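One structure is given here, and the rest of the page talks about it.
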Amino acid sequence: MSAAPQKAKAGAEKIDVTVSAVVPLNELVTRFEFKAKDGRDLPTFSAGAHTVVQMNDQGRTRLNPYSIMSDPADTSHYAISVRRDDEGRGGSLFMHRNVKVGDEMTITFPVNLFSLDLRARKQVFIAGGIGITPFMAMIAQMERLGGQWELHYSVRTEALGTYVQELSYKHPGKVHVYYDDQSQAIALEDLLDGQPLGTNVYVCGPKGMIDWVHATASAAGWPDANVHSEEFTKPQPGKPFQVRLCKSDKVIDVGEHESLLEAIERSGVEAPFLCRGGACGQCETDVVSFDGDFIHRDHWLDDDQHANGSKIMPCVSRFVGKSLELDR
Amino acid sequence: MTIQFNEETFRDDYSFHNSDWAIKRFPFPFHEDSYMYAVNMEQHRGGPEGSVYEKRFDVDEHYVSEMRDRAMVLADDPLRCQSLPHMTLAGWDLLELIMVSKSEDYPDLFELHRNGNQWRWVNKPLGIDDTFTFLDETTLPYGPMEYITRQAQGDFCVLDQRDDMLWMDAGMVTTQADWSLDFDIGMNFFEWHAPVPLAHEMGIFKRALKFLLNIQQGAPARRLNWTMTVNPLLDTSPENYHKWGIQKTTLTPENIGAKQHLRVELQTFFRLPRSNALVFPIRCYLCSFQDLMTMPKWGRRLHRVVRDLPEELATYKGFIDNRPMMLDYLSQFDDGLPTSRGVWPDLDTEPALKKSS
Amino acid sequence: MIADAEGAEAILELAAQDPDLMTKSHIIFIPKGTNYTQALRDLKPAQFYEGPSYEAAVQRIRHVLAEAKMGLQVYLTGTEGLMGQAQNEAMQAGIPHSAIQTEHRGSVARRMQCVHCKGITEDVITDPFVCSHCGLNLFVRDHYSRRLAAYQGVCIDAEDPGNVPEPQELYT
Ligand code: HEM
Ligand code: FES
């Protein structure tokens with residue numbers, strides 16, 4: 001199939017960085033800044049992009065995505081803002097408690113799943129709480145492009161209004177802030193009413209807010225394609241599970257944060273792949289026997305193959321249950 | 001190695017030719033003795049030394065002449081290069097990608113000196129030494145995409161990514177296998193692929209699109225496609241089909257070895273950082289049948305592939321009428337021996353052609 | 001709502017289903033020789049305009065779209081040529097094509113672009129046909145461009161000059 005098969009250089013899409021600043025902003029939110037370890041500029045990114053920060057938490061690897069909030073035109077550093085989540089799985093706590101200036105960390109190349117529609121006649125940003133971060137970069141980009149925008153930003157209290165002062169000072173008239181504790185709320189219907197044709201709305205915040213914006217816009221006759229959202233979901237790892245590789249006669253454990261493919265590779269067994277994204281079909285592997293349920297996440301196998309458990313795509317799919325044997 | 005650039009033409013007297021070096025590194029696209037559409041994508045992170053896969057943007061002996069041909073096509077028909085207004089930023093992304101890649105990969109041919117947004121670009125083969133302000137269009141003679149793709153072999157489609165879809169919103173297309181940028185601009189991935197037979201039913205485009213949407217910065221990908229062209233004509237455009245179509249009827253058993261070319265496209269995919277657009281460079285390589293036949297394995301294999309290719313594909317690729325004559329010619333180079341797997345010519349290990357008596 | 005010729009019938013049907021709709025509607029109608037104008041006027045739309053041709057109406061369409069606000073619903077009905085061109089205007093104004101409703105009525109004629117000279121030939125009903133600009137004999141492809149609001153016409157006798165099959169009526 002391939003012209004010149006190439007193994008990926010493992011980890012090539014990762015960047016080694018040094019923490020260059022840790023700036024507490026308020027009780028809950030701290031900004032972290034990274035510079036490339038080799039002193040060069042970091043890769044250029046587009047507003048709305050995120051990076052996945054790898055944390056080494058006492059032998060456990062944690063991978064959390066954060067929006068890059070710094071100005072895309074300035075690649076001397078990346079900035080992220082992390083809200084401490086005392087109930088979460090611990091990534092944000094680790095960042096707040098353990099990460100210090102000068103620490104070395106690994107982050108991924110920027111990935112953008114929340115990009116600006118550059119055709120838009122006007123951009124309307126709606127942020128809730130820490131959902132402000134992607135808009136910090138978007139605003140910087142819009143200011144440079146000279147495009148029309150406005151921000152509607154809802155925060156709990158003045159004290160927790162991350163970047164409120166900076167934004168209001170720099171962009172009076174474009175930034176509208178709403179304080180929960182003063183019973184202020186975004187008047188969404190009015191806000192959507194009367195926007196020029198070709199306006200795009202972007203929302204980032206809690207799930208309830210995102211659903212509300214989508215539903216309200218839709219009821220006002222807005223096309224779905226003009227409403228964009230990014231939800232703060234945690235990465236979806238899976239429960240650890242065990243697999244027997246028949247051909248190589250090995251039993252391996254797949255950890256919470258690694259893919260089955262990575263676990264196979266870690267055990268020293270050669271496995272084919274190209275995309276590592278469930279699309280190319282290269283890693284297709286026959287199932288010898290199983291007792292349990294597959295979590296298929298690929299776009300390659302068809303519904304029948306998913307249902308009958310004859311094959312699995314180890315780059316993205318997982319398994320829960322008693323036992324799984326693969327022909328590998 | 002410094003490249004010796006050919007003095008050659010891709011029209012009129014067709015003085016195009018491949019050196020032994022170029023034949024050996026020709027991206028022969030068939031890894032087995034048959035061919036069918038597939039989601040044949042892999043990572044684009046280098047390849048064997050000297051191969052066309054090694055560098056991000058391959059530069060070869062045809063560079064200077066291809067760029068001259070492109071300039072002629074554009075002079076005749078400026079609509080071959082178009083960019084919708086929202087794609088200018090992606091154009092700058094592409095300019096940066098090509099300048100950085102070429103200056104790093106071919107330091108003897110290209111230089112990029114950056115001081116903030118003041119850039120100096122030196123292109124020695126084309127004799128260009130320009131200073132401009134990055135992201136300021138008024139400092140370049142053309143838009144950023146046109147400027148840089150007048151200096152880069154192969155066609156370029158720049159795709160905007162919106163609503164989980166790719167949109168062909170900009171491009172430089174002068175060496176295409178019979179499709180029109182002017183017609184296709186603004187279309188989405190499924191729309192511009194609509195004329196392709198069989199692949200839709202096979203689900204290929206659905207899967208390919210998912211893959212492309214997920215291509216990430218720093219992790220480019222590539223694939224090969226191929227077709228057939230009579231005479232080494234780069235500009236097989238629909239726009240000019242009423243002029244070049246007739247050339248397909250000039251094949252004879254005597255001239256087919258020299259005139260009939262296998263046309264291979266090395267297609268690569270890069271995520272562009274500022275715009276989040278995707279660029280799709282389509283690099284075209286031509287090789288005459290007679291040059292291909294100098295590699296015994298390729299001779300055997302090409303015969304079998306052409307012979308067994310489904311009719312729909314031979315029709316779509318435009319050589320159904322000439323297929324019998326091609327097979328007459330190619331069968332002389334197929335002695336029935338098995339071929340080794342993979343695309344490489346394996347000259348040292350594959351047996352020479354057994355002459356039938 | 002933008003309609004031509006038999007597209008009027010689609011609007012009349014819509015109005016019959018939902019009479020309230022008309023109080024908010026702006027109808028732009030090109031009769032193309034039909035006589036639906038009075039019936040449409042009788043629906044009492046908020047605004048009504050009759051244009052002699054699409055070309056004459058297009059300035060008005062652009063103006064309406066430029067002034068419009070998000071939430072505007074666009075409904076196009078009639079010939080493919082009209083729907084395609086008006087859809088293009090609406091897309092230029094910022095409405096995604098997926099949010100534009102269309103209903104084909106009347107003639108099945110195609111609007112064709114000659115890929116060679118780029119000229120548009122309107123109301124093509126046979127395959128092959130002669131380009132009204134450069135005179136080449138073109139065959140009718142299914143490949144459609146929303147931006148041009150046209151199908152693609154390609155020279156049919158390039159490889160065998162003069163060998164042009166008898167034109168067949170489209171869709172027969
Ligand atoms: C986003 C990047 C891509 C662009 C801009 C692109 C563009 C095109 C165009 C313009 C054509 C000619 C269609 C015509 O006849 O008018 C074509 C053909 C085709 N494309 Fe793509 N394509 C892309 C990606 C892919 C990918 C990833 C695949 C993977 C399977 C693919 C598979 C094909 C095939 C099989 C054909 C038919 C080629 C032949 O038989 O000669 N394309 N493509
Ligand atoms: S590696 Fe591509 S599907 Fe798994």
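Summary table below
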read-out: Out of B:135, B:140, sole residue that is away from ligand 1 (no atom under 16 Å from the Cβ), free of Cβ contacts under 8 Å to residues at least 60 places away in the same chain and away from chain A (no Cβ under 14 Å); value: B:140
read-out: Segment A:288-317, residues that are charged (D, E, K, R) and within 13 Å of ligand 2 (Cβ to nearest atom); value: A:297, A:298, A:311
read-out: Top-ranked residue in segment B:176-187 [being at negative phi, assigned to a loop (DSSP other than H, G, I, E, B) and within 8 Å of ligand 1 (Cβ to nearest atom); ranked as surrounded by the fewest Cβ atoms within 10 Å (Cβ to Cβ)]; value: B:179
read-out: Count - residues of segment A:240-260 that are closer than 30 Å to residue B:164 by Cα, at pLDDT 85 or above and either away from ligand 2 (no atom under 16 Å from the Cβ) or within 14 Å of chain B (Cβ to nearest Cβ) (or both); value: 0
read-out: Considering residues of segment B:42-79 that are acidic (Asp, Glu) and more than 22 Å from residue B:4 (Cα to Cα) only, the residue surrounded by the fewest Cβ atoms within 10 Å (Cβ to Cβ); value: B:76
read-out: All positions within segment A:304-318 that are β-branched (Val, Ile, Thr) and buried (at least 23 other Cβ atoms within 10 Å of the Cβ); value: A:312
read-out: Residue within segment C:101-111 that is among the hydrophobic types (A, V, I, L, M, F, W, C) and at pLDDT 95 or above present; value: no
read-out: Count of segment B:253-308 residues which are under 30 Å from residue B:95 (Cβ atoms) and touching a residue at least 60 places away in the same chain (Cβ under 8 Å); value: 22
read-out: Criterion (over 22 Å from residue B:275 (Cβ atoms) and within 16 Å of ligand 1 (Cβ to nearest atom)) met by exactly one of B:52, B:73, B:39; value: B:39
read-out: Failed criterion for residue C:85 (all others in (1) away from chain A (no Cβ under 14 Å); (2) among the polar types (S, T, N, Q); (3) free of Cβ contacts under 8 Å to residues at least 60 places away in the same chain hold); value: (3)
read-out: Filter result (under 19 Å from residue B:182 (Cβ atoms) and either among the hydrophobic types (A, V, I, L, M, F, W, C) or buried (at least 19 other Cβ atoms within 10 Å of the Cβ) (or both)) within segment B:241-255; value: B:241, B:242, B:244, B:245
read-out: Filtered residue count, segment C:125-165, keeping only those that are in contact with a Ser or Thr (Cβ under 9 Å, 6 or more places away or on another chain) and surrounded by fewer than 19 Cβ atoms within 10 Å (Cβ to Cβ); value: 6
read-out: Filter result (more than 9 Å from ligand 1 (Cβ to nearest atom) and modelled with pLDDT of 90 or more) within segment B:188-230; value: B:188, B:190, B:191, B:220, B:222, B:224, B:228, B:229, B:230
read-out: Search result, residues across segment B:148-175 that are under 23 Å from residue B:228 (Cβ atoms) and either more than 10 Å from ligand 1 (Cβ to nearest atom) or modelled with pLDDT under 95 (or both); value: B:153, B:154, B:174, B:175
read-out: Flag if residue B:248 is touching an Asp or Glu at 6+ places or on another chain (Cβ under 6 Å), in a helix (DSSP H, G or I) and within 14 Å of another protein chain (Cβ to nearest Cβ); value: yes
read-out: Candidates C:98, C:107, C:145, filtered to the one that is in contact with a Gly (Cβ under 9 Å, 6 or more places away or on another chain) and facing another protein chain (nearest Cβ under 7 Å); value: C:145
read-out: Residue A:288 at pLDDT below 90, more than 30 Å from residue A:49 (Cβ to Cβ) and either in a loop (DSSP other than H, G, I, E, B) or more than 16 Å from ligand 1 (Cβ to nearest atom) (or both); value: no
read-out: Identity of the residue in segment A:268-285, closer than 16 Å to residue A:258 by Cα and not hydrophobic (A, V, I, L, M, F, W, C), that ends up modelled with the highest pLDDT; value: A:268
read-out: Every residue from segment B:1-32 that is over 18 Å from the mean Cα position of the chain (by Cα), β-branched (Val, Ile, Thr) and surrounded by 14 or more Cβ atoms within 10 Å (Cβ to Cβ); value: B:3
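This table checks each residue for (1) exposed (fewer than 15 other Cβ atoms within 10 Å of the Cβ); (2) within 14 Å of chain C (Cβ to nearest Cβ); (3) in contact (Cβ under 8 Å) with a residue 24 or more places away in the chain.
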position: A:165; (1), (2), (3): yes, no, no
position: A:170; (1), (2), (3): yes, no, no
position: A:177; (1), (2), (3): no, no, yes
position: A:182; (1), (2), (3): yes, no, no
position: A:189; (1), (2), (3): yes, yes, yes
position: A:238; (1), (2), (3): no, no, yes
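So that you can scan it fast, the table gives a plain yes or no per residue for (1) more than 9 Å from every other protein chain (Cβ to nearest Cβ); (2) over 17 Å from the mean Cα position of the chain (by Cα); (3) more than 24 Å from residue B:80 (Cβ to Cβ):
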residue: B:154; (1), (2), (3): yes, no, no
residue: B:162; (1), (2), (3): no, yes, yes
residue: B:166; (1), (2), (3): yes, yes, no
residue: B:174; (1), (2), (3): yes, no, no
residue: B:180; (1), (2), (3): no, no, no
residue: B:185; (1), (2), (3): no, yes, no
residue: B:194; (1), (2), (3): no, yes, no
residue: B:201; (1), (2), (3): yes, yes, yes
residue: B:222; (1), (2), (3): no, no, no
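The values are calculated or read from the model by the stated rules, or taken from the named source; none is laboratory data. Computed from a prediction, not measured in an experiment: that's the story for all the values here. All Cβ positions, even for glycine, are placed from backbone atoms using ideal geometry, and neighbour counts span all protein chains on display.
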